[in-house]
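Have a look at the structure below, then the notes.
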Amino acid sequence: DIKVVRNPYFSLRIVPTVVPMRYLELAQLYQRLEKTTLKTLKTRLVADFLKKVPNDLLEIIPYLILGDVFPEWDERELGVGEKLLIRAVSMATGVDAKEIENSVKETGDLGESVALAIKKRKQRSFFSQPLTIKRVYDTLVKVAEISGEGSQDKKLKYLANLFMDAEPIEAKYLARTILGIMRTGVAEGILRDAIAEAFHVKVELVERAYMLTSDFGFVTKVAKLEGNEGLAKVTIQVGKPIKPMLAQQAASIKDALLEMGGEAEFEIKYDGARVQVHKDGDRIIVYSRRLENVTRSIPEVVERLKRAIKAEKAIVEGELVAVGEDGRPLPFQYVLRRFRRKYNIEEMIEKIPLELNLFDVLYVGGKALIDEPFIERRKTLEGIIEADGWIKVAENLITKSVEEAESFYRKALGMGHEGLMAKRLDSVYEPGNRGKKWLKIKPTMENLDLVIIGAEWGEGRRAHVFGSFILGAYDPHTGEFVEVGKVGSGFTDEDLIEFTKMLKRLITKEEGKRVWFEPKVVIEVTYQEIQKSPKYRSGFALRFPRYVALRDDKGPEDADTIERIAQLYELQERMKGKKIA
Ligand code: ATP
């Protein structure tokens, strides 16, 4: 990229110089974003910034703007905690690590305290160079890729080097990026709109391209360099996860059949964790529901998949279920435990055996299948899978009969499964959409996945931990999380300690016994009923919510929205007095 600079002495001569973009510009963007809560203004700020970004940075900038370094599905992680970060800042500034730690306690904001330390920097190296975005990014990549013996020390040195050359404001946001606590309130929706605004392309095309590739870096590049035409041509690729198609809940089998036009395919709804499998020859990648790369945590499934998928190149989807000694399914938390495990994986293979029930195929042998009718995809799936007892195609029934479907439903529940899925025979695969082409039927109301937006300190014996949590649902219109209730039951003492540890670093505001968090942590709750409530801005309140599980397979953007709660409220009213199974 060439920046044109007018030479004041030879006003007619144009001197081209290559000016790499400074990290300071990005830090200033973060600061402006943090100062406003207006979604439209945030969008404009990001759009204006994107316009200035040189082509060689286009693929990395979107992630940095979101406060990340890599896409979620990238296996790389920085692996830097607060302690190591403070040590690096201390090394770069000569300010004692203890002093920085104490300052964090005072400011409650690590970024701020890091900036203060930089201001106190004792000396600056003679060779000091202003930070460029490229240098920051390249260094963070190196930090993520260091492993093995002495890796902490090496990381420390790389980071200290960056902080040595950072201005206070740069250091503040660099620290936040490293710890993954950006607090600028820019999520996927704003970024999507900003890309459209910056490069004058259609927002629907940006959205579509993102749903198909989950790669904002790639989408930004295509938007700028190839415009609408390029975006329209984007299609799924092996190696890039596709946003999963989702379902709504139906009140009964009969309702589901009616909705689907009188005939549907019913499948067992397994209660496990959804996975998307990409196969390219000998290489298998498994993505979780939130598209994190979980391949390494389930090596035995990967080995079986290599044999079970007969196609050279394919993308298939299924539900991974943990099975107990009696052959019945175990609660889905068991599968999540497998995903979380980083060490001694062998031992877990024995303890929590996994069964994979495949239910869709999105790509085979060079061809994307998402625009084909479901029934065709199902046939293709059956054709490329060689079942082995652990990996199989989901059990199904295609029928027009309510009675037949109901008996299949009872059978599924009897086997310990969650219920049934109904799928429209002619439906295409709609990435990221929760429509009515897929419906789930189950005997209970849905649990809700909500974001912890605040908490209250406990009392007495529990005064040092949070005792209850304020639950938020996403409001797509304002981009905020709005309160729908408070949950205090269902937690063990250990849970509360864990949650306190996890949430403390996300505190944004304190009001007496109440604290507010950056919306990051998603939990699943049950409840007795959804009530209409004038008290909350959301319009709804949960009656007797109870904690079920930490959903670290979901990000805040996957949490339930107010619209979903409104739908569930309708459903609840319709299900009242109805016997389903
Ligand atoms: P939850 O998994 O808690 O029901 P969700 O938001 O992940 O919520 P839903 O749209 O509610 O997803 O339901 C679809 C989910 O059900 C899929 O994401 C998948 O994990 C799971 N599932 C189990 N069996 C099937 C199946 N046969 N077909 C499709 N999805 C299935």
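Things worth noting here:
- Cβ-defined net charge surrounding THR40, 11 Å radius [Lys, Arg +1; Asp, Glu -1]: +1
- Rounded to the nearest 20 debye, the dipole magnitude of the range 287-419 is 460 debye, with +1 charges on Lys and Arg beta carbons, -1 on Asp and Glu beta carbons, and the Cα centre as origin.
- Protection proxy ranking of 363-376, 449-462 - average other beta-carbon atoms within 10 Å, highest first: 449-462, 363-376
- Taking every alpha-carbon pair under 8 Å whose residues sit at least 6 apart, the range 47-138 reaches a relative contact order of 21 percent.
- GluC sites (Glu not before Pro) within the range 14-82: DSSP coil, no more than 14 neighbouring Cβ in 10 Å: GLU75, GLU77
- Along the axis of the charge dipole computed for the chain (Cβ charges of +1 for Lys and Arg, -1 for Asp and Glu, origin at the Cα centre), the listed residues ALA250, TYR474, GLY81 are led at the positive end by GLY81.
- Taking the longest Cα principal axis of the chain as reference, the axis of helix 133-145 is set at about 50 degrees.
- When shorter helices are ignored and each DSSP H run of at least 4 residues is given -39500 (n - 2.57), the per-residue value for the chain at 222 nm works out to -12000 deg cm²/dmol.
- Shape of the range 192-269, Cα gyration tensor, a/c cut at 1.5: prolate
- Measuring against 20 Å, Cα to Cα, the residue pairs LYS269/LYS392; LYS254/LYS437; LYS119/LYS172; LYS83/LYS134; LYS134/LYS172; LYS442/LYS532 contain LYS83/LYS134; LYS442/LYS532 as the ones spanning a longer distance.
- Centre separation in Å (Cα based) which lies between the range 553-569 and the range 241-266: 18
- Given in Å, the Rg to one decimal and the Dmax to the nearest whole number for the Cα atoms of the range 418-471 are 19.4, 59.
- Computed about the Cα centre, the dipole magnitude for the range 280-352 is approximately 240 debye when only Lys and Arg (+1) and Asp and Glu (-1) carry charge, each at its Cβ.
- Label-point separation in nm, GLN28 to ASN433, each point 7 Å along Cα→Cβ: 4.3
- For the range 494-505, backbone phi angles converted through the Karplus equation (6.51, -1.76, 1.60; θ = phi - 60°) give residue-by-residue couplings of 5, 4, 5, 5, 4, 4, 4, 4, 5, 8, 3, 6 Hz, Gly and Pro being listed as x.
- Dipole magnitude of the chain about its Cα centre (Cβ charges: Lys, Arg +1; Asp, Glu -1), debye to nearest 20: 1540
- The chain - convex hull of the alpha-carbon atoms, volume per residue in Å³: 183
- Residues with amide H under 5 Å from that of ILE398, placed H, sequence gap 5 or more: PHE266
- LYS154/GLU312 FRET efficiency (R0 45 Å; Cβ-Cβ; nearest 0.05): 0.70
- Listed by chain and number, the aspartates and glutamates whose C-alpha is less than 18 Å from the C-alpha of LYS105, apart from same-chain residues fewer than 8 away, are GLU82, ASP96, GLU510, GLU511, GLU518.
- Interchain or long-range residues, amide H under 5 Å from GLU480's placed H: ASP475
- DSSP-assigned coil residues among chymotrypsin sites (Phe, Trp or Tyr not before Pro) in the range 65-146, each with at most 11 further Cβ atoms within 10 Å: PHE126, PHE127
- In the chain, taking the dipole from charged Cβ atoms about the Cα centre, the farthest positive-side position among VAL335, PHE544, LEU496 is held by LEU496.
- Computed E for LYS411/HIS200 - FRET, C-beta separation, R0 35 angstrom, nearest 0.05: 0.05
- ASN344-ASP388 FRET efficiency (beta carbon distance; Förster radius 35 Å; 0.05 resolution): 0.85
- Crossing angle, helix 216-233 versus the chain [Cα axis fit, 0-90 degrees, rounded to tens]: 60
- Cα-based helix-to-principal-axis angle, 402-414 vs the chain, degrees rounded to 10: 60
- Between ASP68 and GLU325, the modelled label-to-label distance comes to 4.1 nm, taking each label 7 Å out from Cα in the direction of the beta carbon.
- Along the range 478-487 the Karplus relation, 6.51 cos²θ - 1.76 cosθ + 1.60 evaluated at θ = phi - 60°, assigns HN-Hα couplings of 9, x, 10, 9, 10, 5, 10, x, 9, 10 Hz to successive residues, with x for each Gly and Pro.
- Estimated distance in nm for a label pair at GLU77 and ASP56, the labels positioned 7 Å out from Cα along Cα-to-Cβ: 3.2
- Applying 0.36 nm per residue to the separation of HIS464 and LYS520 and subtracting their alpha-carbon distance, the gain on full extension is 18.0 nm.
- Structure note, pairs LYS367/LYS554; LYS367/LYS423; LYS411/LYS440; LYS120/LYS157: Cα-Cα distances above 26 angstrom occur for LYS367/LYS554.
- In percent, rounded to a whole number, the relative contact order of the chain is 12, using alpha-carbon pairs under 8 Å and six or more apart.
- For the range 39-117 and the range 150-168, distance of Cα centres in Å: 13
Every read-out reported here was derived from the displayed coordinates using simple, explicitly stated rules and does not represent laboratory data. Since this is a predicted model, take the numbers as computed values, not measurements. Cβ atoms come from the backbone with ideal geometry, glycine included; neighbour counts cover every protein chain shown.
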